[in-house]
1. Only one of (1) touching a residue at least 24 places away in the same chain (Cβ under 8 Å); (2) surrounded by fewer than 17 Cβ atoms within 10 Å (Cβ to Cβ); (3) under 23 Å from P197 (Cα atoms) is not met by R68, so which one is it?
2. Checking E228 against (1) more than 26 Å from N44 (Cβ to Cβ); (2) of a type in the set (D, E, K, R); (3) free of Cβ contacts under 8 Å to residues at least 24 places away in the same chain, which test does it fail?
3. Can you give me the ranges of the helices (runs of 4 or more DSSP H) entirely in region 177-276 with at least 1 residues that are assigned by TED's automatic domain parsing to the domain that holds N163, hydrophobic (A, V, I, L, M, F, W, C) and over 29 Å from the mean Cα position of the chain (by Cα)?
4. Look through region 274-304, keep the residues that are of a type in the set (F, W, Y) and at pLDDT below 95, and return whichever of them is farthest from L149 (Cα to Cα).
5. Quick one: would you say Y157 is part of a helix (DSSP H, G or I), more than 18 Å from the chain's Cα centre (by Cα) and under 26 Å from I106 (Cβ atoms)?
6. Taking the stated definitions as given, is D173 assigned by TED's automatic domain parsing to the domain that holds G287, assigned to a strand (DSSP E or B) and in contact (Cβ under 8 Å) with a residue 12 or more places away in the chain?
7. Can you pull out the residues in region 120-171 that are at pLDDT below 95, buried (at least 16 other Cβ atoms within 10 Å of the Cβ) and aromatic (F, W, Y)?
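The values are calculated or read from the model by the stated rules, or taken from the named source; none is laboratory data. Predicted, not measured: the structure shown is a model, and the values here were computed from it. Cβ placement follows ideal geometry from the backbone for every residue including glycine, while neighbour counts extend to all protein chains displayed.
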Amino acid sequence: MQAQTERLGVAKLDQFFSSHGWLFREQMVHDYGIDAHVEITKENYPSGELIAIQIKSGKSFFTEQNERAWIFRTEDKHIEYWSNHTLPVILVLYHPEDEILYWQVINEDTVKSTGKGWKIEVPKSLTLGSKSLAVLSRLTQPEPYVQKLNKLKLDRYWMEKINDGFDVYVEFDDWVNKSLSRYQINLICEDERQCWPMTYCPGMSVEEALEFFLPWADFEVDLDAHREGSVGQWDAECYMAYDKESGGTIHCMSFEEWYEEPEGIVPIGEDGEVESYRLRLKLNEVGEAFIQLDSFLAEKNRFQDKTFTIDDVEW
């Protein structure tokens, strides 16, 4: 029942943001302490401005209150994680019976120490509605440099997968007959899958879209998927007759003779309307350098709090 209640909260939040055109992306596996990200859109286009969200669903989160707010209590590890996050973070409480989403931004003004832990007051008047979008938009005003850095940090999980020797793939479709390019990126590694929202990309080619979405990777066609997708074309081009005795078909040449490995980025299948892609990712120079730099920046030096200058000393 708890898992079902949690899913109701996520679904309600997804429905709210999607109905207003914002891009909601649930974090299924790897982002500790954050359940989802939402990207703000401006004039129906993605802005690159993201908000991280912690979602708590169920009546148990509404048992403690005062006259004006619900009281949410948490531990040191969560507060430290949220306060050090590169994105603005909001807490959302979902009441399943009333179907109301309450929210509060997490910052030094809203988080209070109790001596034994921490508490956050979530105002009863602060519910997610159309008027709250303007308030949320003001939480994120990073410059393009910071937007790119934030995006790299969000994707680090997949970079590490590749760096650790796992095969990571990207899958997406290209609607070739649509005047406005659109892509829905899926990142896949073994039994893990992260599906990004459909994003409209005016004037972008497939290669430009990949560079925009995944600037830390190089790409190569998944040859197994391409071979499998080429069987139908081979059969259509090389079919000669049906052999009644063997119950098989006769072709003018075998698949191995006919098949040629592709060069560059090509679809693994197409039907006249949609071209489907499945590409294997490799870290490029940006990805390799970011892993090293981010690891360095995240590691606390043992002398960090011990050094000082003469100006730091009070005489």
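1. For R68, the failing item is (3).
2. All conditions pass for E228, except number (3).
3. Because the criterion is at least 1 residues that are assigned by TED's automatic domain parsing to the domain that holds N163, hydrophobic (A, V, I, L, M, F, W, C) and over 29 Å from the mean Cα position of the chain (by Cα), the helices (runs of 4 or more DSSP H) in region 177-276 that meet it are 223-238, 255-258.
4. F303
5. Answer is no for this residue.
6. It is true that D173 is assigned by TED's automatic domain parsing to the domain that holds G287, assigned to a strand (DSSP E or B) and in contact (Cβ under 8 Å) with a residue 12 or more places away in the chain.
7. Once the filter is applied, which keeps residues that are at pLDDT below 95, buried (at least 16 other Cβ atoms within 10 Å of the Cβ) and aromatic (F, W, Y), region 120-171 yields only Y157.
Conditions (1) outside the structural domain of G129 (by TED's automatic domain parsing); (2) surrounded by fewer than 17 Cβ atoms within 10 Å (Cβ to Cβ); (3) more than 21 Å from the chain's Cα centre (by Cα), marked per residue:
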residue	(1), (2), (3)
R7	no, yes, no
F17	no, no, no
I40	no, no, no
Y45	no, yes, no
V89	no, no, no
V92	no, no, no
Q104	no, no, yes
